[in-house]
Each structure stands twice: as C-alpha cells, then as structure tokens.
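The block underneath contains the structure these notes are about, expressed in structure tokens.
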Amino acid sequence: MHPAPLQSGESPEYAKLLKEALVYLQRREPNMATHVLKRALEVKPRDPLCMSYLGLCMTMVNRNSREALALCEGALKIGCYDAVFYCNLGKVHLLRGSRRNAYAAFRSGLKVDPRNRDIRQELHAMGVRRHAVFAFLPRRHFANRIGGRIWYMLRRLFG
C-alpha cells in the first residue's frame, strides 16, 4: 500500500488526512479510513488517489457498493499512469467476487509498473487455475464443471 508521493503545492491538510487514512487502512479499519478519505476529498475534490482508496475502503465495508467501483474506475480515468489505481481496482473486484476482472486489473497494473510488489502479492494470493478439461468449451459449461470434479478426484486417488 504505497501511495504516490506528495506533489508540490498540495495542501498539508490533504497530505495529513491521506496519511491518516492509509494508517487506518493498514490497521484494517475501513470505516475510519472511509470517514477520513471523505474529508480529504472535501479538501481536494476529484483527487484520483483519494478516490481510489475511498473506493477500496467503501468496498471493504459494503462489498456490493456500486459507488465504490465507480470511484475506482473514475480514479483510473483521471490518473491512469499509476499502478496503485489498478491495484485498488483489482482488490475491489476481488472483494465483489469478480476474479476475472480483478486479474485483468492486476495485469494492467503490471504493464504500468512491472515491479509493483502489492500487485504481485495479490496475484500470488489469487493462485493459478488449472486449464479447463475441455478447452473448446467455456469454463462454466456443465461438461467442464463435471469433468473438473472427476479429474480432481482421480488426481487425489492416484497421485
């Protein structure tokens, strides 16, 4: 969780609020971080970094928040050349249960910053899926789902 450095000319109040919010986020207190980030947005409206973290915190509090997803996507449109925005968007998608979109966001973030530690950790935590049994069918197809279960049981039985 590494925010972009403070820009020259930014309000010291904004910087203090952002730092405070990130401390709450690291302590896993998204409610407090949300309140602080909303105050920071009042000081500096439409700030992409603040919008992105606010979207993440709101999703941690309410997993189905459409507003949170819109905030992260809006932050990405405003300030798209920072991997932090892609990382937060990926985390929001994961919390909402959309692994495919999360993976796409993380991969896009690695294109911006191939060494981003947070994104690499998230991708590692997601794990790697095995190939579908019938590659020519969609992954969610009945045959792939049943075939995958059978394949899994056979692998457990025979090593």
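The values are calculated or read from the model by the stated rules, or taken from the named source; none is laboratory data. Everything quoted here is computed from the prediction, not taken from an experiment. For neighbour counting, all protein chains shown are included, and Cβ atoms are generated from backbone atoms with ideal geometry for every residue, glycine included.
Residues in segment 131-157 that are over 20 Å from residue 101 (Cβ atoms), within 30 Å of the chain's Cα centre (by Cα) and among the basic types (Lys, Arg): 2 in all.
Just so you know, in segment 13-46 the residues that are β-branched (Val, Ile, Thr) and free of Cβ contacts under 8 Å to residues at least 24 places away in the same chain include one that is surrounded by the most Cβ atoms within 10 Å (Cβ to Cβ), and it is 36. Please indicate, with yes or no, whether at least one residue in segment 136-155 is closer than 25 Å to residue 62 by Cα, touching a Lys or Arg at 6+ places or on another chain (Cβ under 9 Å), aromatic (Phe, Trp, Tyr) and in contact (Cβ under 8 Å) with a residue 12 or more places away in the chain. No, the conditions are met nowhere in segment 136-155. In segment 81-121, the qualifying residues are those that are free of Cβ contacts under 8 Å to residues at least 24 places away in the same chain and part of a loop (DSSP other than H, G, I, E, B), and the one that is nearest to the chain's Cα centre (by Cα) is 98. Sort out which residues of segment 23-76 are outside any helix (DSSP H, G or I) and either within 15 Å of the chain's Cα centre (by Cα) or among the charged types (D, E, K, R) (or both), and write them in order of number. The answer is 27, 28, 29, 44, 46, 47, 62, 63, 64, 65. For segment 6-22, the set of residues classified as over 21 Å from the mean Cα position of the chain (by Cα) and acidic (Asp, Glu) consists of 10, 13, listed by residue number. Taking the condition among the acidic types (Asp, Glu) and more than 18 Å from residue 33 (Cβ to Cβ), does residue 118 pass? So residue 118 does not fit the description; no.
Any residue that is of a type in the set (Gly, Ala, Ser), at pLDDT 90 or above, surrounded by 14 or more Cβ atoms within 10 Å (Cβ to Cβ) and in the same structural domain as residue 63 (by TED's automatic domain parsing) - is there at least one of those in segment 108-129? For segment 108-129, residues of a type in the set (Gly, Ala, Ser), at pLDDT 90 or above, surrounded by 14 or more Cβ atoms within 10 Å (Cβ to Cβ) and in the same structural domain as residue 63 (by TED's automatic domain parsing): present. Scanning segment 84-130 for residues that are out of contact with any His (no Cβ under 9 Å at 6 or more places or on another chain) and of a type in the set (Gly, Ala, Ser) yields 90, 97, 98, 108, 109, 125, 127.
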